[in-house]
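Chemist: Quick one: structure below, then a few questions.
No lab work stands behind these numbers, since they all come straight from the coordinates. Note that the structure is a prediction, hence the values are computed from the model and not measured. Positions of Cβ are backbone-derived with ideal geometry, glycine not excepted, and every protein chain shown enters the neighbour counts.
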Amino acid sequence: MKIVVTGASGFIGRNLVPLLVKAGAEVLVVGREPERLGRLFPSLPACSYDDISQRAAKFDLLLHLAVANSDADVSFEEFRAVNVELTVKTVQAARQANIPRFVNVSSVHALDESNHSAYARTKREAADRLRDIQGIEILTLYLPLVHGDRWGGRLRFLNLLPLPLARALFSILSALKPTLHIGRLAQFVLESEGGRERELILTTGQHDNITYKAVKRTVDLAFAILVAVLFWWALLLIWVLIRLQSPGPGIFAQQRVGRDGRPFVCYKFRTMKKGTVQAATNQVSADAVTKIGAFLRKTKLDELPQIWNILRNEVSLVGPRPCLPVQVELIEARRRRGVLRLKPGISGLAQINGIDMSVPEKLAEWDARYGALQSLLLDARIIIATALGRGQGDRVAAER
């Protein structure tokens, strides 16, 4: 594989390029100071941005790492010159060199629309500009904190600690925020074959992080036990009010799709009239919702019986909302994006952003975003946002 790498003098480039070369890739490093790159990578060819169209003809991929980082002490205009204009110039040069794929490396910080730093704003603008360019396959790759067997940036202090202690501490820190091992990035660059995705978040994920899983499960169990012990009377009162207002059971049991696509029985307080068709909520008329059911749905109190599902380890406080087996479009979209490996949740990232099951593809995209960005701090933000009234669940048909 023949790969062009810009910005190879940064932390990611210095750690990534040797891995690509070791794997057998032919690498051309590009920068504003080719002589400096020659000293950093004496065995590799180097050139300037102006020479890409000639030196990189018929290469397979251009990986654009060049960036004015968030800690750079430069003006907004300088951020924009590097993060936007240089990016556009580079993709145009790649197109002239007949390079079929261009991977623009960005940061997960740019995904946060509330982040108005010069770095985040210019990285978002660059992604917007790239969407309009034709004639070359473009992928914007969003990365979290990247590390190798050693650490850089704010985590550089870990290199001073004994390795077992450093790894244990990093396990805790990486549970708080998403991270990415440089080896995973190298594997992605070498093995990805392109596709319809124009944007992708790449992280190590939390599925192997014992600290994250232990803390998340502890919080789930603490919540379920707290509700059962301290608020049993409220659960009983809600059950009685439901039974008094309309005929039918107080608790509604319904089969849902769980982790790895396995079905499970989800328990909620009944909010609809007895005999309502078993269908996705957005396909049910608002007339089917009882008066107390509307209140329960608005306040999310209808979800409280799911403490039984939490105790059974079928559901978490935070995760993709479990869907019905009949929602095949959503299930397939989630399967394609690897969402089904996640434990379902009572609330999730998509829900607090106003996205429900009426838009399956968009919902699956946001569920996949949660899977990539999963962390204790993100889970805490989702729980707080839900408690403050966001993420009120799927709306019935007449509410739209």
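Chemist: Residue by residue through the stretch 204-209, what is 3J(HN,Hα) from phi via Karplus (6.51 cos²θ - 1.76 cosθ + 1.60, θ = phi - 60°)? Round to whole Hz and write x for glycine and proline.
Modeler: 3J(HN,Hα) across the stretch 204-209, in whole Hz: 6, x, 10, 5, 10, 8.
Chemist: Note down the magnitude of the dipole of the chain about its Cα centre, charges +1 on Lys and Arg C-beta and -1 on Asp and Glu C-beta and zero elsewhere, to the nearest 20 debye.
Modeler: Working: 54 positive and 38 negative charges, 245 e Å.
Once rounded to the nearest 20, the dipole reads 1180 debye.
Chemist: Plugging the Kirkwood radius over Cα pairs into Stokes-Einstein for the stretch 2-204, at a temperature of 10 °C and a viscosity of 1.306 mPa s, what D comes out in µm²/s? All intermediate terms of the calculation are to be shown ahead of the outcome.
Modeler: Values: Rh = 17.5 Å.
So the translational diffusion coefficient is about 91 µm²/s.
Chemist: Could you state the orientation-averaged shadow area of the convex hull built on the Cα atoms of the stretch 211-399, in nm² to one decimal? All intermediate terms of the calculation are to be shown ahead of the outcome.
Modeler: Numbers: hull surface 39.3 nm².
If I average the Cα hull's projected area over directions, I get 9.8 nm².
Chemist: With labels modelled as points extended 7 Å from the Cα through the Cβ direction, what inter-label distance (nm, one decimal) is found for Leu388 paired with Glu191?
Modeler: Those two pseudo-labels are separated by 4.0 nm.
Chemist: As a footprinting exposure proxy, order Leu221, Leu376 by other Cβ within 10 Å, with the fewest listed first. Display every interim value, and only then the final one.
Modeler: Working: Leu221 14, Leu376 20.
Ascending Cβ contact count within 10 Å gives the list Leu221, Leu376.
Chemist: I want to verify a result. In a Gaussian network model of the chain, Cα cutoff 10 Å, which of these has the top mean-square fluctuation: Ile346, Ile99, Ile136?
Modeler: Among Ile346, Ile99, Ile136, the largest GNM mean-square fluctuation belongs to Ile136.
Chemist: Take the alpha-carbon centre of the stretch 1-79, take the same for the stretch 179-231, and report the distance between them in whole Å.
Modeler: With the stretch 1-79 and the stretch 179-231 each reduced to a Cα centre, they are spaced 30 Å.
Chemist: Compute the angle between helix 163-176 and the longest alpha-carbon principal axis of the chain, please, reported from 0 to 90 degrees and rounded to the nearest 10.
Modeler: 60
Chemist: While we're looking at this one, here's another question. Explain nothing, just the number: dipole magnitude of the stretch 2-204 about its Cα centre with +1 on each Lys and Arg Cβ and -1 on each Asp and Glu Cβ, in debye rounded to the nearest 20.
Modeler: Numbers: 25 positive and 22 negative charges, 91 e Å.
Computed about the Cα centre, the dipole is about 440 debye.
Chemist: Please enumerate, by chain and number, the lysines with C-alpha under 29 Å from the C-alpha of Lys274, excluding those fewer than 8 residues away in the same chain.
Modeler: Answer for Lys274, where 29 Å is the Cα cut-off: Lys291, Lys298, Lys300, listed by chain and number.
Chemist: Past the 30 Å Cα-Cα mark, which pairs from Lys216/Lys362; Lys2/Lys123; Lys58/Lys123; Lys123/Lys343; Lys22/Lys362?
Modeler: Violating the 30 Å limit, Cα to Cα: Lys123/Lys343; Lys22/Lys362.
Chemist: Of (1) 19.7; (2) 17.9; (3) 22.0, which is the value of mean projected area of the Cα convex hull in nm² derived from the coordinates here?
Modeler: It is the value labelled (3).
Chemist: If you take the charge dipole of the stretch 2-204 about its Cα centre, with +1 on Lys and Arg Cβ and -1 on Asp and Glu Cβ, which of Ala120, Pro164, Val27 is farthest toward its positive end?
Modeler: Pro164
Chemist: Less than 13 Å Cβ to Cβ from Ser246, Lys/Arg counted +1 and Asp/Glu -1: what total charge do the surrounding residues give? Intermediate values should be presented prior to the final figure.
Modeler: Numbers: positive: Arg243, Arg270, Lys273, Lys274, Lys291; negative: Asp287.
Summing Lys/Arg as +1 and Asp/Glu as -1 gives +4.
Chemist: Also, quick follow-up: Could you compute the longest span of the chain free of GluC sites (Glu not before Pro) located in DSSP loops and having at most 15 other Cβ atoms within 10 Å, not counting the site residues? Show your work: numbers first, answer last.
Modeler: Details: sites that count: Glu113, Glu193, Glu197.
Answer from the scan: 198-400.
Chemist: So the label point goes 7 Å from the Cα of Ile210 along Cα→C-beta, right? Which residues of the stretch 129-163 then have their backbone N under 11 Å from it?
Modeler: Flagged as within label range: none.
Chemist: Could you give each residue of the stretch 367-381 its phi-based ³J(HN,Hα) in whole Hz, using Karplus coefficients 6.51, -1.76, 1.60 with θ = phi - 60°, and x for Gly or Pro?
Modeler: Result, rounded to whole Hz: 5, 5, 4, 4, x, 6, 9, 3, 6, 5, 5, 5, 4, 5, 4.
Chemist: Which listed residue (Leu62, Ala93, Phe79) has the Cα farthest towards the positive end of the charge dipole for the stretch 2-204, taking +1 on Lys and Arg C-beta and -1 on Asp and Glu C-beta about the Cα centre?
Modeler: Leu62
Chemist: For the chain, what's the relative contact order in percent, using C-alpha pairs closer than 8 Å and at least 6 residues apart? Working shown, then result.
Modeler: Numbers: 667 pairs, mean separation 46.9, N = 400.
For the chain, the relative contact order is 12 percent.
Chemist: When Thr6, Thr140 are ordered from fewest to most other Cβ atoms inside 10 Å of their Cβ, what list results? Please report the intermediate quantities before stating the final value.
Modeler: On the way: Thr6 28, Thr140 24.
With the sparsest Cβ surroundings first, the list reads Thr140, Thr6.
Chemist: Contact order normalised by length for the stretch 211-399, with contacts defined as Cα pairs under 8 Å and 6 or more residues apart; what percent is it? Display every interim value, and only then the final one.
Modeler: Values: 301 pairs, mean separation 43.0, N = 189.
Once normalised by length, the contact order is 23 percent.
Chemist: Using Cβ contacts closer than 10 Å as the measure, can you line up Val257, Val30, Val82, Val328 from fewest to most? Intermediate values should be presented prior to the final figure.
Modeler: Values: Val257 23, Val30 28, Val82 19, Val328 12.
Ascending number of Cβ neighbours within 10 Å: Val328, Val82, Val257, Val30.
Chemist: Which one of His147, Gly7, Gly354 is farthest out on the positive end of the charge dipole of the chain, using unit charges on Cβ (Lys, Arg +1; Asp, Glu -1) and the Cα centre as origin?
Modeler: Checked the options; the winner is Gly354.
Chemist: Only loop residues by DSSP count here, and only those with at most 15 other Cβ atoms within 10 Å; note down the trypsin sites (Lys or Arg not before Pro) in the stretch 87-148 that meet that.
Modeler: Values: sites: Lys89, Arg95, Arg101, Arg121, Lys123, Arg124, Arg129, Arg131; in loops: none.
Here no trypsin sites (Lys or Arg not before Pro) fit, given the DSSP loop and packing criteria.
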